[in-house]
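> Input: one structure, supplied below.
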Amino acid sequence: MKKTKRPSLLKYTESYLMLGFWFVFFVFFTLIPIGISVVISFTDYNMLQTPHFVGFNNYIRLLLDDEIFVKSLANTLLFAVITGPVGYLISFIIAWFINETGRGIRPFLTVLFYSPSIAGSIYVVWTYIFSDDSYGLLNSTLLNMGILKKPIQWLTDTNYNFYVVIVVILWMSMGTSFLAFIAGLQSLNKSLFESAAIDGIRNRWQELWYITLPQMVPQLLIGAVLTISTSFAVGAVPAALTGNPSTDYSTHTLILHIEDYGNTRLEMGYASSAAVILFIIMVATWFVINKGVRSLGKD
Amino acid sequence: MKQNKLNRSTGGNIVVILFLLIMGLFTAFPIYFSIINAFKPLSELYLFPPRFVVYNPTFNNFKDIIALQSQATVPMERYIFNTVFVAVATTVIYVFLACLAAYPLAKHNFPGKEFIHKLIVFAILFSTQVTALPQYLLMSKTGMLDTYCALIFPALGSSFGVFLVMQFIGAFPDDVIEAARIDGCSEFGVFFKIVFPSVKPAWVTLAILTFIANWNATGTQVIFTESLKLLPTMMNQITAAGIDRAGVAAAVSFILMIPPMVSFILSQSQVVETMAYSGIKE
């Protein structure tokens, strides 16, 4: 065969060449940025002066001396812990239920549920729904029905704005992982369901648990990666809805804190240390969830 | 006889329909509102109590976009060109680079392959928002800030597309590739003549997902020159001007949402076919 006659180095050259064009961009715009964040997080780099090595000073300052960082860390974790699992679960349930409907209506339902995550900045319509004054859709409806006496400041009152952001993030949570679930469900091995019915599977709940989920592990895993990637990156939505900064930093997140110190104040070293903490949390979450989802397939 | 629906109770069906109905209304309502707001005259936008339908639909909001823009320093066409150019250029280049890289990752054996596989999955975790700051730093040091490169290049470094196509090519039969090699095809020949045309659903999907993501990009942190700004940024500038621009803002966001929606609707069956292979196996 021709393949075996070729010198092995040449064969590798072709593989590396094909990979290489993309890999250059991958290294330069994904790997190196992650790497330099780690390096400059140990310096006082500010883009103007020569950076000095400062050890763990940035991290110490973040944790002990920066109340807004602690607040935004707490908010980021809270947003992720709530919107991540809930969004993931809703995405799966909706994908599963869509798969239970007729063939004709499935494409329509898929577009409907996917549309908030692709329709760009359409989520700003929520600022109209939750608007603080009595003209806001929710306020005026509730006032009109006599439920409220005066308008609620949904977006600026710290009692409410955190929940408003959660509602909007959940509304946008049917993203790429949702598509992976839809596709995974449609490509399941149909004959397994028939033999399972003979073996005594009695309802869809048992079908889901014993047949569907074990086959869906690959899709569930990629869904988990994508969900982690978006749920820790919350920032644009609270900034657009509740202002940046929000009242008493009530919806401030790590992404916004990093932007504030990095892009605005140019304290790159300090901002990078906040980014590195975010990276560590995301990677740790992925390792835990990876283990958990894989155990689903082992029963 | 073989039943079409196994294990399907009426009660369960009602739960399914009810859940989809409630969640569907919750999903559709804000979209419905932003669409009708685009066609409301200003007098209807801030009515008390609010109306859930339009009484006198109008195209004035759309006309106002043009009127507003004629006073601006940068013509409307420039923002449209920027967004279309950036979205299309990113999509075309990324789809090509990602497919070319995915082929050896799926079908060749070379030192370092397993490591790169792991790296790719790992890198999906880091979205562009998370790496924005160090990317900004890199681009400022290389003079890329405030150019089209700042909008296009970071998107080319994404690993999700490569992962998606790699999984799809992985399911492509090896003997077809082997036959082409015996016929004397080089690896580039195999890729361009056999693999690339055969995995059309994969690159159509990747093209759609890349296009949608970059169509919605704002680029506010890397672009400062007005004539290089993107359409969504222009929209934010209109919206920021206050409530009397609400109708115009709704009209702009209505126009902006059409290209991603239409492209997804047209390609949905190919997207679903591709995403079936998107799982993480080992």
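> In Å², and per residue, what accessible area does chain B have when probed at 1.4 Å with the other protein chains present?
Details: 12570 Å² over 282 residues.
Dividing the accessible area of chain B by its residue count gives 45 Å².
> List every DSSP H helix in chain A whose Cα atoms extend 30 Å or more along the helix's own long axis and whose mean Kyte-Doolittle hydropathy is at least -1.0.
On the way: long enough: A:67-100 (49 Å, 1.35); A:268-296 (42 Å, 1.41).
Result, helices passing both filters: A:67-100, A:268-296.
> Continuing with the same structure: Using only protein heavy atoms and a 1.4 Å probe, report how much of B:H108 is accessible, in Å² to the nearest 10.
10 Å²
> Just to be sure I understand the curve: with the Debye formula and one point per C-alpha of the protein assembly as shown, what is log10 I(q)/I(0) at q = 0.10, 0.12 Å⁻¹?
-0.95, -1.34
> Okay, next question. Only Cα pairs under 8 Å and at least 6 apart count here; give the relative contact order of region A:236-289 as a rounded whole percent. Write down the numbers at each step before the final one.
Values: 30 pairs, mean separation 11.7, N = 54.
Computed value for region A:236-289: 22 percent relative contact order.
> Then there is this: Helix B:200-215: angle to the longest alpha-carbon principal axis of chain B, degrees 0 to 90, nearest 10?
Between helix and principal axis, roughly 40 degrees.
> Tell me, what is the 1.4 Å probe accessible area of A:Y163, in Å² to the nearest 10?
Counting only protein heavy atoms, A:Y163 exposes about 140 Å² to solvent.
> Another question, if that's okay. Using a 1.4 Å probe on the heavy atoms of the protein chains only, list every residue of region B:64-98 that has 20 Å² or more less accessible area in the complete assembly than in its chain alone.
Flagged in region B:64-98: B:L97.
> Also, I was wondering about something else. On average, how much accessible surface per residue is there in region A:184-259, in Å², for a 1.4 Å probe, leaving out ligands, DNA and RNA?
Working: 2920 Å² over 76 residues.
Ligands and nucleic acids excluded, the figure is 38 Å² per residue.
> Using only Cα atoms, tell me the angle between helix B:113-124 and the longest principal axis of chain B; keep it within 0 to 90° and round to the nearest 10.
Value to nearest ten degrees: 10.
> Turning to a different aspect of this structure: Can you give me the orientation-averaged projected area of the convex hull built on the Cα atoms of region B:1-110, in nm²? If you can, show how the numbers build up before the last one.
Values: hull surface 67.7 nm².
That works out to 16.9 nm², a quarter of the Cα hull's surface.
> I would also like to ask the following. Stokes-Einstein diffusion coefficient for chain A at 37 °C in a medium of 0.692 mPa s, Rh from the Kirkwood formula over Cα pairs: what value in µm²/s?
Working: Rh = 22.8 Å.
Value of D from the Cα-based Kirkwood radius: 144 µm²/s.
> Would you mind telling me the share, in percent, of accessible area of region B:10-61 contributed by carbon and sulfur at probe 1.4 angstrom? Intermediate values should be presented prior to the final figure.
On the way: 2200 of 2860 Å².
Answer for region B:10-61: carbon and sulfur cover 77 percent of the accessible area.
> From the square roots a ≥ b ≥ c of the eigenvalues of the alpha-carbon gyration tensor of chain B, which class results: rounded (a/c under 1.5), prolate (a/b over b/c), or oblate? Each step should come with its number before you reach the end.
Values: a/c = 2.47, a/b = 1.35, b/c = 1.84.
Here chain B falls in the oblate category.
> For chain B, find the longest principal axis of its Cα atoms and tell me its angle to the long axis of helix B:76-107, 0 to 90°, nearest 10.
20 degrees
> Quick one: among B:P173, B:P50, B:P154, which has the greatest mean-square fluctuation in a GNM of chain B with alpha-carbon springs under 10 angstrom?
Ranking B:P173, B:P50, B:P154 by mean-square fluctuation puts B:P50 first.
> Roughly how many debye, to the nearest 20, is the charge dipole of chain B about its Cα centre, given +1 on each Lys and Arg Cβ, -1 on each Asp and Glu Cβ, and no other charges? Working shown, then result.
Details: 17 positive and 14 negative charges, 104 e Å.
That gives a dipole near 500 debye.
> Compare B:F254, A:F162 by solvent-accessible area with a 1.4 Å probe and give them largest first, with all protein chains kept in place. Can you show the working numbers first?
Working: B:F254 45, A:F162 25 Å².
So the residues, ranked largest to smallest area, are B:F254, A:F162.
> On to the next question. Given Cβ point charges of +1 (Lys, Arg) and -1 (Asp, Glu) and nothing else, what value in debye, to the nearest 20, does the dipole of the protein assembly as shown about its Cα centre take? Provide the component values of the computation, followed by the final result.
Working: 35 positive and 31 negative charges, 313 e Å.
In debye, rounded to 20, the protein assembly as shown gives about 1500.
> Can you give the relative contact order of chain A as a percent, counting alpha carbon pairs under 8 Å and 6+ residues apart? It would help to have the intermediate numbers written out before the result.
Numbers: 324 pairs, mean separation 82.5, N = 299.
Reported as a whole number, the value is 28 percent.
> Then there is this: Quick check: at a probe of 1.4 Å, how many percent of the accessible area of region B:68-278 sits on carbon and sulfur atoms? Don't jump to the answer; show the numbers that get you there.
Working: 5320 of 8030 Å².
For region B:68-278, the apolar C and S fraction of the accessible surface comes to 66 percent.
> Ignoring ligands, DNA and RNA and using a 1.4 Å probe, state the total buried accessible area between A and B in Å², rounded to the nearest 100. Write out the running numbers ahead of the final one.
Details: alone 18040 and 17200 Å², together 26000 Å².
Buried: approximately 9200 Å² between B and A.
> Here is a further query. Rolling a 1.4 angstrom probe over the protein chains, ignoring ligands and nucleic acids, what is the accessible area of A:M172 in square angstrom, nearest 10?
Approximately 50 Å² of A:M172 is accessible to the 1.4 Å probe.
> While we're looking at this one, here's another question. At a cut-off of 50 Å², which residues of region B:24-56 become less accessible once all protein chains are present than in their chain alone, using a 1.4 Å probe?
Residues meeting the cut-off: B:F26, B:T27, B:P30, B:I31, B:Y46, B:F48, B:P50.
> Something else about it: For region B:263-282, list whatever residues lose no less than 30 Å² of accessible surface once every protein chain is in place, relative to that chain by itself, with the probe at 1.4 Å.
Buried on complex formation: B:F264, B:Q268, B:V272, B:M275, B:A276, B:G279, B:I280, B:E282.
The values are calculated or read from the model by the stated rules, or taken from the named source; none is laboratory data. Owing to the predicted nature of the structure, the values given are computational and were not obtained by experimental measurement. Using ideal geometry, Cβ is built from the backbone for each residue, glycine included, and neighbour counts are taken over all protein chains shown. The accessibility values were calculated without ligands, DNA or RNA, using every heavy atom of the protein model including side chains. Shrake-Rupley method; radii C 1.70, N 1.55, O 1.52, S 1.80 Å.
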